[in-house]
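The values are calculated or read from the model by the stated rules, or taken from the named source; none is laboratory data. Just so we're clear, the structure is a prediction, and the values are computed from it rather than from any experiment. Cβ placement follows ideal geometry from the backbone for every residue including glycine, while neighbour counts extend to all protein chains displayed. Note: areas computed on protein heavy atoms with side chains; ligands, DNA, RNA excluded. Shrake-Rupley method; radii C 1.70, N 1.55, O 1.52, S 1.80 Å.
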Amino acid sequence: MIPLSVLDLAPIAEGSSAREALQHSLDLAQHAEAWGYKRYWLAEHHNMDGVACSATAVLIGHVAGGTTRIRVGSGGVMLPNHAPLVIAEQFGTLATLYPGRIDLGLGRAPGTDGPTARALRRGPMATSEDDFPREVQELMAYLDDAKPGQAVRAIPGMGTQVPVWLLGSSLFSAQLAAWLGRPFAFASHFAPDMLLQALDIYRDSYKPSAEWPKPHAMVGVNVIAADTDAEAARLFTSIQQRFLGMQRGQRGPLPPPIDPAEMEAMWQPHEKHSVQRMLAASAVGSAETVREKLLALQKETRADEFIVAGALHAHGARLRSYELLAQAWR
């Protein structure tokens, strides 16, 4: 079986708080480590009432400090929001504190809305997404061994060789990851349309690097596992409601699940189609159902690794879902 990893946005459930969300993230990471998951990644988002992972590096340190073996990283840091040197120093510090356990996944979107993206930028000369390839290379250079006469160094950071991943939901990052000889993670858990095309481009044009002689493709997938298919379908309605809210321009805490029949009454046919399209890379059901769906997705994508998103309103149900998945996958 290919490895399973966890993608966490530190969801703030309706009726809960950011503090509880961060406590739940650490608790889930500790359980994921015990259940055999390979990585625990946290994704950068800003100005969203329903997620508490805006200070990604801080949260990675929180999780890494509360675990002992599992790799912890970003899925991802949105590089246009930051100076490459700052990210190199942050992740160089993390790698110094937790050697051999830190990953740095990079995305080129802002991870937020337009006004917030402008508030995050570094000033009037701030870079854009078009500068992403150059900034990725600059960041990688800071994490590499220092060169003779190098004027600017990341301390801590230089020489740490933190593994850099490229993340994306289109063809651009697939091409860049192949060109740089880096592992690639596709965000099919919310944007699956170009998944197979991106993976083909990545593998066909891959240029081996010393660190990664072969391509390594990680596929994002939503997994909601429960004791029965019916219970999993009910739990999945929290995510469906969140994505419906995104269609309507509404943000907020993660809502509690509802009966699937109520979900049918909530959305219009075109909204249902859009949400189902965004959530097409999902495995929802009992442990056996989820296992079969993931095996089919692995066969279709030839993924080297799955990274699993599974936001649920009740923390206990979320733990149970990841536990059932780990048991079924073994």
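If you take all other residues with their beta carbon under 11 Å from the beta carbon of G285, and give Lys and Arg +1 and Asp and Glu -1, the sum is -3. Each of W179, P215, A191 was scored by the projection of its Cα onto the charge dipole of segment 169-322, and the greatest displacement toward the positive side belongs to W179; charges sit on the C-beta of Lys, Arg, Asp and Glu.
Here the chain carries DSSP beta bridges of which approximately 5% are antiparallel, counting only pairs with both residues inside. Cα extents for the chain along the principal axes, largest to smallest and rounded to whole angstrom: 66, 42, 37.
Summing Lys, Arg as +1 and Asp, Glu as -1, what charge do residues with Cβ under 15 Å from the Cβ of M263 carry, M263 excluded? Here the count lands on -1.
Stretching E20 away from D113 to a fully extended chain increases their span by 31.0 nm, per 0.36 nm per residue minus the current alpha-carbon distance. Stretching the chain fully between L196 and D145 yields a gain of 14.8 nm (0.36 nm per residue, less the alpha carbon separation).
Using the rule -39500 (n - 2.57) for each DSSP H run of four or more residues, divided by the residues of the chain, the 222 nm mean residue ellipticity is -14000 deg cm²/dmol. Normalised size of segment 1-129, defined as Cα radius of gyration per 2.2 N^0.38 Å with N residues, equals 1.06. Our estimate of slack between T228 and A314, defined as 0.36 nm per intervening residue step minus the Cα-Cα distance, is 29.3 nm. On the chain, 55 percent of the accessible area sits on carbon and sulfur atoms, based on a 1.4 Å probe. Spatially close Lys pairs in the chain, defined by Cα atoms under 22 Å apart and a spacing of eight or more places or different chains, total 5.
Solvent-accessible surface of segment 59-214, averaged per residue with a 1.4 angstrom probe and all protein chains in place: 44 square angstrom. Against the criterion of solvent-accessible heavy-atom surface with a 1.4 angstrom probe, V152, V72 sort, most first, into V152, V72. Taken about its Cα centre, the chain carries a charge dipole of about 540 debye when Lys and Arg each add +1 at the Cβ and Asp and Glu each add -1 at the Cβ. The C-alpha atoms of the chain define a longest principal axis, and helix 132-143 lies at about 70 degrees to it.
Size descriptors for segment 75-230: radius of gyration and Dmax over Cα atoms are 16.7, 63 Å. For A265 and R203, a Förster radius of 45 Å and the Cβ-Cβ distance give a FRET efficiency of 0.55, rounded to the nearest 0.05. In units of the rule-of-thumb radius 2.2 N^0.38 Å, segment 228-330 shows an alpha carbon radius of gyration of 1.10.
Helix 229-247 versus the longest principal axis of the chain: what angle, 0 to 90°, nearest 10, using Cα atoms? It works out to around 60 degrees.
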